[in-house]
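Down below is the structure, laid out as structure tokens.
The values are calculated or read from the model by the stated rules, or taken from the named source; none is laboratory data. For clarity, every value in this text was computed on a predicted model and none was experimentally measured. Note: ideal-geometry Cβ built from the backbone for every residue, glycine included; neighbour counts use all protein chains shown. The accessibility values were calculated without ligands, DNA or RNA, using every heavy atom of the protein model including side chains. Shrake-Rupley method; radii C 1.70, N 1.55, O 1.52, S 1.80 Å.
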Amino acid sequence: FCGKCRARRYSAKGICHHGFPFLLAAAGEYEDPVVKGLIRSLKFQFVRDAAEPLGALLAAYAKRLKISPSYDLALPVPLSERRLRERGFNQSELISRAFSRRSGIPLDIRTLKRVRHSPPQSGLHGDKKRRANVAGSFRVEVPTKVRNRNVILLDDVITSGATMLHAAMALRAAGARNILALAIAKA
């Protein structure tokens, strides 16, 4: 999908909003009861084993899209240090590890950092509030890791796209060539 308007794209060519920092792909819909159950178990009930089937789903989806040869690096959307301490793990990182093992796309968990804590996006309604909530939250620690590379930015759910947008803007500012925002589900 186009990251901006969500128009369906059948390839990375023919992007309708040139200059938008990412192309969006989602393996499923959040309302699918199995997908929703696994995501909620992982995020809110702390069932870490739920990351494996979610990562497998993403890898199978990526295989159908035939993206493996064209992307150099997979990066999970990071949590703030505070949220990481509260939860004990980053669900996107766990999913990304399973995805990386199955897809063969190298995983990097250190390059993209969340430098500002903000309230959970799930508690906010409206695109404008969500964008403001995560504005300025991401930084690329080592720009040479992403410069002139095609990267996949992985997360569990995409709703407004605000988190992916601000993370992708940081990656683009660091020199990433192409960014695929890949999520388990879109809401």
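Which ranges mark the strands (runs of 3 or more DSSP E) fully within the range 11-117 that have 2 or more residues being under 23 Å from Thr144 (Cα atoms)?
Output list reads 73-76, 112-114.
With respect to Arg139, determine if the residue is assigned to a strand (DSSP E or B) and either modelled with pLDDT under 95 or within 27 Å of Ser41 (Cβ to Cβ) (or both).
yes
Of Thr144, Thr111, which residue is open to solvent by 50 Å² or more (accessible area, probe 1.4 Å) and free of Cβ contacts under 8 Å to residues at least 40 places away in the same chain?
Thr144
Quick check on the range 27-47. Is at least one of its residues open to solvent by less than 10 Å² (accessible area, probe 1.4 Å) and modelled with pLDDT under 95?
So far as the range 27-47 goes, no, none of its residues is open to solvent by less than 10 Å² (accessible area, probe 1.4 Å) and modelled with pLDDT under 95.
Yes/no per residue for (1) within 18 Å of Leu84 (Cβ to Cβ); (2) among the charged types (D, E, K, R); (3) surrounded by fewer than 16 Cβ atoms within 10 Å (Cβ to Cβ):
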residue	(1), (2), (3)
Ser96	yes, no, no
Val134	yes, no, no
Phe138	yes, no, no
Val151	no, no, no
Gly161	no, no, no
Arg177	no, yes, yes
Leu182	no, no, no
